[in-house]
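**Student:** The structure's right below; bear with me while I get my questions together.
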Number of protein chains: 4
Amino acid sequence: MTEITFRSDMRVDYVQHTGSDEMVARAARVSTGSDLIENDKIKGLIRYLVRERHTSTLEHCTVTVRVEAPIFVAREWMRHRVQSFNEASARFSAMEPVFYVPDGNRPLVNAGSGAHPDLQHSDDDGQMWRGVNVAHQNVYWKAWAEYQWMRDAGIANEVARNVLPVGIYTQFYATANLNNWFKFLHLRDGNEGSPQYEIVEAANKVAGILEELYPVTYGVWAELNGRGGDD
Amino acid sequence: MTEITFRSDMRVDYVQHTGSDEMVARAARVSTGSDLIENDKIKGLIRYLVRERHTSTLEHCTVTVRVEAPIFVAREWMRHRVQSFNEASARFSAMEPVFYVPDGNRPLVNAGSGAHPDLQHSDDDGQMWRGVNVAHQNVYWKAWAEYQWMRDAGIANEVARNVLPVGIYTQFYATANLNNWFKFLHLRDGNEGSPQYEIVEAANKVAGILEELYPVTYGVWAELNGRGGDD
Amino acid sequence: MTEITFRSDMRVDYVQHTGSDEMVARAARVSTGSDLIENDKIKGLIRYLVRERHTSTLEHCTVTVRVEAPIFVAREWMRHRVQSFNEASARFSAMEPVFYVPDGNRPLVNAGSGAHPDLQHSDDDGQMWRGVNVAHQNVYWKAWAEYQWMRDAGIANEVARNVLPVGIYTQFYATANLNNWFKFLHLRDGNEGSPQYEIVEAANKVAGILEELYPVTYGVWAELNGRGGDD
Amino acid sequence: MTEITFRSDMRVDYVQHTGSDEMVARAARVSTGSDLIENDKIKGLIRYLVRERHTSTLEHCTVTVRVEAPIFVAREWMRHRVQSFNEASARFSAMEPVFYVPDGNRPLVNAGSGAHPDLQHSDDDGQMWRGVNVAHQNVYWKAWAEYQWMRDAGIANEVARNVLPVGIYTQFYATANLNNWFKFLHLRDGNEGSPQYEIVEAANKVAGILEELYPVTYGVWAELNGRGGDD
C-alpha cells in the first residue's frame, strides 16, 4: 500500500535572482556603469526612492523561488498576477501522496467574524487538534485510495484528481520583481490585514530571502512599512 | 443530514459589458464621436485591425461573467493574469455541498501521452463511468462529513476546508477585455493545444457571449483563427 | 500658410463606462443578482472593501476617456501599464498643428531641488511668462515649417515628425478599471509626491468623472486617502 | 556655445540577466535541482514548450538592457506594458543636446499607404537626404537655443523641455522576461507588420543579446517563427 506523507510546513527555496542594492541605485540614475555611485550614498538614495514610491527602480531585481505548499496556499499565492508561475501538472503526471495537516502551533478557532477572521488557540486545543488531525487523515486516506483505484482502472489523471483535497501538496516556481515581492509581503506577511496562517509562514520565508539578497532595500522597505526594519 | 448536489455542467452567465463593434473602430480612429464611421466600413477596418494584430483597439471592450465551476477549472482559469477576479471565499464563509461528477459525454481515458493528452471514450465506457462516479461520490461524502464535523466542533472555516476536494464547485466573477478574452479562447476553447474537457465547455460559453455582443469582431477573429468564422 | 493653434488646457472627455457602486458590492458577494443588497448597506460594505484593500472588487468597473494633451503629458500617462491605450499615429497620418503653451496659472520656477521639484510663481512672473511664450512659439513655428516642408518634399510622415516638439498635442483613448484609476490618481492628482502641473489638471478631470459615475466608492476612497472625502 | 551631437544609431547594451536554457527546462519540470536534465534532452523539451505555447516556462529568464534612442523610439518601446522601465527624467535634470538624424541607409519615402507604410529609397535619395538633414538640424539648433535660453532665465526644466523635439535622445533601462522579449521581437524586429525603421534596428540588437544568452531557446523560437532559426 502506498505510504502517505503528512506535512505541516511551507517550503520556499531560493532558485536564482538578478540585481542588487546597487542595481536599484543604478536604475534610478539610468547609469552607464562607469559613473559609480559611492557606497555610502546608496542607502540614502534607496530610502528616497522607496519613500517617494519610485517603485519602478525596484523592478530590475527579480527573484525566483521554488515552493512546496498545499493547493489552498498555492491558490492564494497565484492571485498575485504580476508573478510568473510554473506548477507541477495534475494532468500531465500523477500527484504525490503528500498532504497538509495543521501542527500544534496552528490556531484553530476563529474568535473574530467572517469578514475579520482572528484565529486563536482555545483552552481545549490539544483535543481539538487531535480531532482535526483525524478528520484530515480520514479524508486524505479515502481520497488517495479512490485516486489510486481510478488510475489503476485506466482513468486519466485529469479525471481521477477531481477527488483530491485542496490540502494536498503541490510544487511551483514563482518569479517576481522586488516591487511585486514587496506587494506580496504587504498582503501576506501577517503585518496587515488577516492573511491565512499558512501563507504567512511562506511569505516570511520569502522575506528572509529578500533580506539576504537586498539588505539595504529590504531594510528600508521594512522600516518604512512597520516591519521592524534595519536596526 | 445535509443533502449533497452533484453537477456536471459549467455555468457562465453574462453580467455586464462595455463597448461594441463600433467602439473597436472608433478606438482605432481615436474618434471624437462626431466623425461617424459608416457601418459598411466598420467590418473592413476591424478585419484589418485583427489581422495586423492592432490588438489595443480591442481592449476598450470589457465583459464581466459569473462562473460556477469546480475548483480545478477555476485554477486553470485564474492562470490568465490579465483578468480581474472575485471568488467566493472559503475563509470568510462556509462552502456549499455542490460537487462535480463527470457525465456520460466526458471521455475518461487518455489515449495520448502525458505531454499530449488525448482523451477518448472506451469500449467499456458505461462501466468505467459508474466506477468513476462511485469513487467521486465516496470521497465527496466523506470529505463533506468531516468538513461539517469540524465546523460543528468550532474549527474555523479556513482549517476545515483543507479536506474539500478540488471537484467542489466555486463561484467567481471574471472581467477581461476583448483582446484578453480572445487569448483565453486561443488556449481554452479546444481548437488548439489540449485543454481540459471541462474548461473547453466553459470557454465555449464565453465564446457564445462574445459572439452575441461583438458579432463583427468575433466573426472576424474566429474566421482568421480557424474557428469557423462568420459565414 | 497653415495656422497654428496654441492651447494651454488638458481635455479629458468621458467615452463609456461599466459598473456602478452596486456592482462593487455585488462583486464582493459574487452575487447571483437575485440576492439584492440593500442600498443602505452598500456604503458600509464599500468602506470595508477599500479600507482593507480588497481592491479586486473595484476591477469590474471600467472607464474609457478620450484625452487631448501634449506628448510630454501622454508620455507620463502611458507609464501606467494597467491601462489600455489607442493613440493617434504620427506614422499612419499627419499631425495637427496644435501646440501647448503655459498660461498665466502655470508656475514657472522650481523653488525646490531636482529630486523634489516645488514649482512656484515668481515676482517677475508676467515677464517670464512672456519670454517663455515667445520661446515656445519660436520653436513651434520653426518645427512646423520644417515638418511641412519635408512632407511637401515627399518625405514620409514617420521621418518628418522627428522635428516636432513634445509640446505638440496628441489624442488618445485610455481605458482602465477603477482600482487602477485610483492608483493613477494617487500618483498624479497632486495630493502626493510632486507630479507635473499639466498632468495634475488632467488627473483631476478624471477624478471628476469617477466621482460622478461611482459617487459612493469615489467618496470613500477620497476620504480614506485624504482627498477631502464624501461630505 | 553648446555643441550639439547628431547621431543616427540605436544603442542597446546588456546590463544583466538571469536564467539560461537549462532554467527553461527546469521550470517546465518544476525541478528540485537534483533531478538533472540531460543536456541532449533540453533542446527537444524546449522545442515542445515553445511550439505548444507553454510560454510560462520562459518567464523565469529576465534580461535588463540599457537603451539610448530618440524619444519617438522610446515611445513605441514603452507601449510594451510587460516590461519595467527607468528613464532619465527631463524634470529632475536637464537634457543632453544629442539629436537623431537619419543616415543614408534610412529609407525616406513611403511607397505604401498610411495603414501599410512601405518605406523605400528614392532615385533622388542623396538630395532628399541632404534636405532632411538640414531641416532636422535647423529645428534642433533652434529648439536647443530656446531650451538653453529658458533654463538660463530661471525657468524650470519641466517647462523648458516642452520645446524639445521627439528626435532628441533619451536613455532608459528596460527589463523583461524572455516570453515578453519574444513578443517585443514579434512586433518590432521587422519580420512581421511594418514597424518603424529605427526600432527595428534596436530590436535586432535585443535579438542578438537573447541569442547569446539563451542560444537553444532563441534558436527554436526563431526557427518556429520564420526568423532564420538555429542553423
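The values are calculated or read from the model by the stated rules, or taken from the named source; none is laboratory data. Because the structure is a prediction, the values reported are computed rather than measured. Here the Cβ positions follow ideal geometry from the backbone for every residue, glycine too, while neighbour counts run over all protein chains shown. These accessible areas exclude ligands, DNA and RNA; they are computed on the full protein's heavy atoms, side chains included. Shrake-Rupley method; radii C 1.70, N 1.55, O 1.52, S 1.80 Å.
**Student:** If each of residue A:183 and residue B:82 carries a label point 7 Å out from its Cα toward its Cβ, how far apart are those two points in nm?
**Tutor:** It is 1.6 nm.
**Student:** Of A:205/B:183; B:183/B:205; C:43/C:183; C:183/C:205; A:205/D:43; B:43/B:183, which ones are farther than 25 Å apart at the Cα? Intermediate results must be reported in sequence, preceding the final value.
**Tutor:** Numbers: A:205/B:183 34 Å; B:183/B:205 15 Å; C:43/C:183 21 Å; C:183/C:205 15 Å; A:205/D:43 34 Å; B:43/B:183 21 Å.
Correct reply: A:205/B:183; A:205/D:43.
**Student:** Further, regarding this structure: With θ taken as phi - 60° and the coefficients 6.51, -1.76 and 1.60, list the Karplus ³J(HN,Hα) couplings across region A:8-23 in order, rounded to whole Hz; mark glycine and proline as x.
**Tutor:** Here the 3J(HN,Hα) series is 10, 9, 9, 10, 9, 10, 5, 10, 6, 8, 9, x, 5, 3, 4, 5 Hz.
**Student:** Over region C:84-231, what number does the Rg to Rh ratio reach, with both radii from the alpha-carbon atoms and Rh per Kirkwood?
**Tutor:** Using only Cα positions, Rg/Rh for region C:84-231 is 1.06.
**Student:** Mind checking the angle between helix D:178-188 and chain D's longest principal axis? C-alpha axes, 0 to 90 degrees, to the nearest 10.
**Tutor:** Result, in degrees: 50.
**Student:** Same structure, new question: Give the nm distances, rounded to one decimal, from residue B:29 to the matching residue in every other copy, measuring between label points 7 Å along Cα toward the beta carbon; shortest first.
**Tutor:** Label-point distances to the other copies, shortest first: 4.2, 5.1, 5.7 nm.
**Student:** Just to be sure I understand: chains B and D are related by a rotation, so which residue of B has its Cβ closest to that axis, and how close in Å?
**Tutor:** B:82, 5
**Student:** Averaged over A:44-53, how many beta carbons belonging to a partner chain fall within 10 Å of each residue's beta carbon?
**Tutor:** That average works out to 1.
**Student:** Could you give me the radius of gyration and the Dmax of the protein assembly as shown, taking only the C-alpha atoms into account and expressing both in angstrom?
**Tutor:** Taking only Cα atoms of the protein assembly as shown, I get Rg and Dmax of 29.2, 93 Å.
**Student:** Taking the Cα centre as origin and putting +1 on Lys and Arg beta-carbons and -1 on Asp and Glu beta-carbons, what dipole magnitude results for the protein assembly as shown, to the nearest 20 debye?
**Tutor:** Working: 92 positive and 124 negative charges, 0 e Å.
It works out to roughly 0 debye.
**Student:** Still on this structure, I have one more. Provide an ascending nm list, one decimal, of label-point separations from residue B:82 to the equivalent residue in each further copy; define each label point as 7 Å from Cα along Cα→Cβ.
**Tutor:** 0.8, 1.5, 1.6
**Student:** Have a look at region B:153-181 and report residues whose accessible surface goes down by 50 Å² or more when the remaining protein chains are included, against the chain on its own, probe 1.4 Å, ligands and DNA/RNA excluded.
**Tutor:** Going by heavy-atom accessible area, the residues of region B:153-181 that drop by at least 50 Å² are B:155, B:158, B:159, B:161, B:162, B:163, B:166, B:173.
**Student:** Under the definition of partner shielding as Cβ atoms of other protein chains within 10 Å of a residue Cβ, what is the mean value for peptide A:126-137?
**Tutor:** 4
**Student:** Would you look at the GNM of chain A, springs on alpha carbons closer than 10 Å, and say which of A:167, A:19, A:114 moves the most?
**Tutor:** Largest GNM mean-square fluctuation: A:114.
**Student:** On to the next question. Could you give the angle, 0 to 90 degrees to the nearest 10, between helix C:39-51's Cα long axis and the longest principal axis of the Cα atoms of chain C?
**Tutor:** 60
**Student:** Further question: To make sure I understand the rule: partners must be lysines, Cα under 16 Å from the Cα of residue D:142, and not fewer than 8 residues away in the same chain. Which ones qualify?
**Tutor:** Reachable lysines: C:142.
**Student:** Determine the per residue accessible area of chain B with all protein chains present and a 1.4 angstrom probe, expressed in square angstrom. Let's see the in-between values first.
**Tutor:** Working: 9030 Å² over 231 residues.
With the other protein chains kept in place, chain B gives 39 Å² per residue.
**Student:** Continuing with this model, one more query. Which angle between 0 and 90 degrees, to the nearest 10, do you get for helix B:215-224 versus the longest principal axis of chain B when only C-alpha atoms count?
**Tutor:** 80
**Student:** Where the only charges are on Cβ atoms (+1 Lys, Arg; -1 Asp, Glu), what is the dipole of chain B about its Cα centre, to the nearest 20 debye?
**Tutor:** Dipole about the Cα centre, nearest 20: 680 debye.
**Student:** Alpha carbon centre of region D:102-174 versus region C:189-203: separation in Å?
**Tutor:** Centre-to-centre (Cα) distance: 29 Å.
**Student:** Here's something else I'd like to know. Which GluC sites (Glu not before Pro) in region C:1-86 pass both tests, a DSSP loop state and at most 12 other beta-carbon atoms within 10 Å?
**Tutor:** Those that pass, being in a loop and sparsely packed, are C:3, C:38.
**Student:** Can you tell me the mean projection area, over all orientations, of the convex hull of region D:1-99's alpha carbons? Units nm², please.
**Tutor:** 9.7
**Student:** Per residue of B:19-31, count partner chain C-beta atoms within 10 Å of its C-beta, then hand back the mean as an integer.
**Tutor:** Numbers: counts 6, 1, 0, 0, 5, 1, 0, 6, 9, 4, 5, 12, 5.
Taking the mean over all residues of the peptide, I get 4.
**Student:** Total accessible area buried between chains C and D, 1.4 Å probe, in Å² to the nearest 100?
**Tutor:** Numbers: alone 12880 and 12870 Å², together 21240 Å².
Using a 1.4 Å probe, the pair buries roughly 4500 Å².
**Student:** With all protein chains present, how much of the accessible area of chain D (probe radius 1.4 Å) comes from carbon and sulfur, to the nearest whole percent?
**Tutor:** 47
**Student:** Quick check: net charge around residue A:151, other residues with Cβ under 14 Å of its Cβ, Lys/Arg +1 and Asp/Glu -1?
**Tutor:** Details: positive: A:91, A:161; negative: A:96, A:146, A:152, A:158.
Net local charge, residue A:151 excluded: -2.
**Student:** What percentages make up the Cα-Cα pair-distance distribution of region D:125-177 when the bins are 10 Å wide from 0?
**Tutor:** 21, 35, 25, 16, 2
**Student:** If I ignore ligands, DNA and RNA and count only protein heavy atoms, how much of residue C:30 is accessible to a 1.4 Å probe, in Å² to the nearest 10?
**Tutor:** 10
**Student:** Let me ask you something else. If we hang a label 7 Å off Cα along the beta carbon direction at residue C:6, how far is it from the matching labels on the other copies, in nm, shortest first?
**Tutor:** Label-point distances to the other copies, shortest first: 3.0, 8.0, 8.1 nm.
**Student:** Also, I was wondering about something else. Among DSSP beta bridges whose residues both lie in region D:1-119, state the antiparallel percentage, nearest 5.
**Tutor:** Once the DSSP bridges in region D:1-119 are tallied, antiparallel ones form about 75 percent.
**Student:** Here's something else I'd like to know. Determine the gain in length on full extension of the stretch residue B:7-residue B:103; use 0.36 nm per residue of separation and subtract their C-alpha separation, reporting nm with one decimal. It would help to have the intermediate numbers written out before the result.
**Tutor:** Working: separation 96, 0.36 × 96 = 34.56 nm, distance 0.86 nm.
Once the chain is fully extended between residue B:7 and residue B:103, it gains 33.7 nm.
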